[in-house]
Amino acid sequence: MATMRYHDGQDVRLGDVASFGAHDTCRVVVLIDEQAAVEGYIADEWAYLGGGCVLFAHDAGLVHYPADTLGDDVGVSLLERA
């Protein structure tokens, strides 16, 4: 299992707050490969996606990123560690 990283190379951690596009923010709520989730979410319920992470963005709702794609999205940048 590879460590997920933001575009700038920092590790993605459960509970991180990040930018989501130009005007939204998100929180990392599930790390599927690590079978870890913040309170209110169950990691096993997301296993069918095959890996990656789930973000909750205030405007967009729940968004899944496969492990190899989050680092390509310059619109998702770490703002605050959990």
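The values are calculated or read from the model by the stated rules, or taken from the named source; none is laboratory data. All values reported here derive from a predicted model rather than from experimental measurement. Positions of Cβ are backbone-derived with ideal geometry, glycine not excepted, and every protein chain shown enters the neighbour counts. Accessible surface areas use protein heavy atoms only, side chains included; no ligands, DNA or RNA. Shrake-Rupley method; radii C 1.70, N 1.55, O 1.52, S 1.80 Å.
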(request) Quick one: dipole size for the chain, taken about the Cα centre, charges +1 on Lys/Arg Cβ and -1 on Asp/Glu Cβ, in debye to the nearest 20. (result) 100 debye
(request) Give the long-range amide H neighbours of Leu79: residues separated by 5 or more places, or on another chain, with amide H under 5 Å away, using H modelled in the peptide plane at 1.01 Å from N. (result) Val17, Ala18, Ser19
(request) Heavy atoms only, probe 1.4 Å: what % of the accessible area of region 2-82 goes to carbon and sulfur, would you let me know? (result) 49 percent
(request) Over 16 Å, how big is the tail of the calculated P(r) for the chain, in percent of all Cα pairs? (result) 42 percent
(request) Work from the charge dipole of the chain (Cβ charges, +1 for Lys and Arg, -1 for Asp and Glu, about the Cα centre) and give the residue of Ala18, Leu55, Met4 farthest towards its positive end. (result) Ala18
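With a probe of 1.4 Å, find how much accessible area the chain has per residue, and write the answer as a whole number in Å².
It amounts to 58 Å² per residue over the chain.
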